[in-house]
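Following: one structure in structure tokens, then a few remarks.
The values are calculated or read from the model by the stated rules, or taken from the named source; none is laboratory data. Just so we're clear, the structure is a prediction, and the values are computed from it rather than from any experiment. We place every Cβ from the backbone using ideal geometry, glycine too, and count neighbours over all the protein chains shown. We work out accessible area using only protein heavy atoms, side chains counted, and drop any ligands, DNA or RNA first. Shrake-Rupley method; radii C 1.70, N 1.55, O 1.52, S 1.80 Å.
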Amino acid sequence: MLHGPDDLRVEQVAEPQGEVLVTIEAATACATDTKALRHGHLILGPYPARFGHETVGVREDTGERVLVGDSVPCATCAQCRAQRTQLCEQMTWVLGGFAERMAAPAAALHAVPDGLEAAGAAMAEPLAAAVHAVARAGDGADAAILGGGTMGLMLARLLVLQGRDVTLCDRHPERRAQAQALGARAVERLGRHELVMEAVGRPEAWRAAIAAAAPGATVVLVGGCPAGCDVTLPAAPLHYAELDVRGAFHHTPAEVERALELLAGGDVDWRALAGETIGLDALGVALVRPSAGEARKLIVDPRL
Ligand SMILES: [Zn+2]
Ligand SMILES: [Zn+2]
């Protein structure tokens with residue numbers, strides 16, 4: 001339970017209340033969880049708050065293995081009616097994967113394909129966001145990705161699968177090697193590209209993405225900057241080079257299903273992105289440990 005910024009406690013709590021109870025087998029962590037621990041997060045709700053949003057387990061009522069989707073769109077707001085459910089104005093967020101059990105609305109649950117391990121299936125949540133971002137990317141054949149974290153690497157793999165020419169930029173040699181293993185070229189500095197996808201989430205990275213865009217390029221901003229952040233961008237390329245700058249946020253339930261297929265079929269090798277498996281007691285320390293070397297996702301197994 002999060003009791004406040006940097007105040008994470010492992011404790012016995014009341015039985016979770018909700019439509020379906022799920023016994024958790026794996027919950028993967030990402031930068032959003034670190035952000036939530038350190039500074040709180042818009043989607044957290046009041047303290048004490050449960051968190052963890054990339055979760056797989058077993059339904060207690062049917063025994064079925066499920067991915068617990070982290071959100072259920074309302075289906076009735078203007079965005080939902082326009083098929084942009086990722087932007088639902090009344091989203092129900094479903095958090096609480098860092099626990100032994102959680103409760104979820106049935107509408108949040110996705111069946112896990114046979115043969116896909118829990119930790120791999122949990123990665124369908126971030127992979128769905130990558131699927132969504134690539135759907136926003138247009139059709140530029142010469143694609144660049146700024147940032148070789150797990151999101152940047154997922155984007156690289158999806159663009160490679162589409163047959164694009166993919167260059168990933170990261171200053172860590174270990175991450176460049178990971179990108180190469182996924183079929184991308186890897187560099188320390190970008191040239192200019194038809195498509196640039198930013199996967200860092202810092203103002204200087206957003207500016208670097210604009211600088212790496214060829215005239216007429218599409219720039220997709222995938223990494224979220226800190227809350228309340230203003231970013232200054234150069235006016236000239238936005239206007240004279242007709243850059244098409246787009247945000248990409250979250251995913252739709254259909255994109256979660258697509259991500260599960262990609263993981264189950266082996267098109268996206270989740271093991272290449274899997275890091276250490278830890279128990280709940282080790283989570284607080286692991287989430288704030290500075291990341292170095294390869295980009296790999298922390299896996300929480302509450303049974304450890
Ligand atoms: Zn995440
Ligand atoms: Zn809605």
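Residues in region 104-125 that are open to solvent by 20 Å² or more (accessible area, probe 1.4 Å) and aliphatic (A, V, I, L, M): 4 in all. Could you check region 1-58 and list, in sequence order, the residues that are open to solvent by 10 Å² or more (accessible area, probe 1.4 Å) and of a type in the set (D, E, K, R)? The answer is ASP6, ASP7, ARG9, GLU11, GLU15, GLU19, GLU25, LYS35, ARG38, ARG50. Condition check for ILE43 on (1) at pLDDT 95 or above; (2) under 21 Å from ALA129 (Cα atoms); (3) within 16 Å of ligand 2 (Cβ to nearest atom): one failure, at (1).
When GLY120, GLY147 are checked against the criterion of being small (Gly, Ala, Ser), within 20 Å of the chain's Cα centre (by Cα) and within 30 Å of GLY228 (Cβ to Cβ), GLY147 stands alone in meeting it. Taking the conditions (1) free of Cβ contacts under 8 Å to residues at least 60 places away in the same chain; (2) surrounded by 19 or more Cβ atoms within 10 Å (Cβ to Cβ) in turn, ARG202 satisfies each one other than (2). Scanning region 76-94 for residues being within 28 Å of GLY63 (Cβ to Cβ) and open to solvent by 30 Å² or more (accessible area, probe 1.4 Å) gives a total of 2. Residue count for region 180-190 under the criterion of being of a type in the set (Gly, Ala, Ser), open to solvent by 40 Å² or more (accessible area, probe 1.4 Å) and under 14 Å from ASP165 (Cβ atoms): the result is 1.
Which members of region 166-185 meet the condition of being of a type in the set (A, V, I, L, M) and more than 18 Å from ASP142 (Cβ to Cβ)?
Correct list: ALA177, ALA181.
At least 2 residues being within 16 Å of ligand 1 (Cβ to nearest atom) is the threshold, and among the strands (runs of 3 or more DSSP E) wholly inside region 1-89 those reaching it are 20-28, 55-59, 65-68. Cβ separations smaller than 7 Å between residues 6+ apart or across chains give the following pairs from region 58-80 residues that are under 19 Å from GLU100 (Cβ atoms) to residues that are within 16 Å of ligand 2 (Cβ to nearest atom) and part of a loop (DSSP other than H, G, I, E, B): VAL68/VAL94; ASP70/VAL94.
Pairing each residue of region 81-95 that is within 8 Å of ligand 2 (Cβ to nearest atom) with any residue that is assigned to a strand (DSSP E or B), provided the two are 6+ apart or on different chains, yields C-beta distances under 9 Å for THR85/SER71; CYS88/SER71; CYS88/VAL72; MET91/SER71; MET91/VAL72. Does VAL166 qualify as being open to solvent by less than 20 Å² (accessible area, probe 1.4 Å), aliphatic (A, V, I, L, M), free of Cβ contacts under 8 Å to residues at least 24 places away in the same chain and over 29 Å from ARG9 (Cα atoms)? For VAL166, the condition - open to solvent by less than 20 Å² (accessible area, probe 1.4 Å), aliphatic (A, V, I, L, M), free of Cβ contacts under 8 Å to residues at least 24 places away in the same chain and over 29 Å from ARG9 (Cα atoms) - is met.
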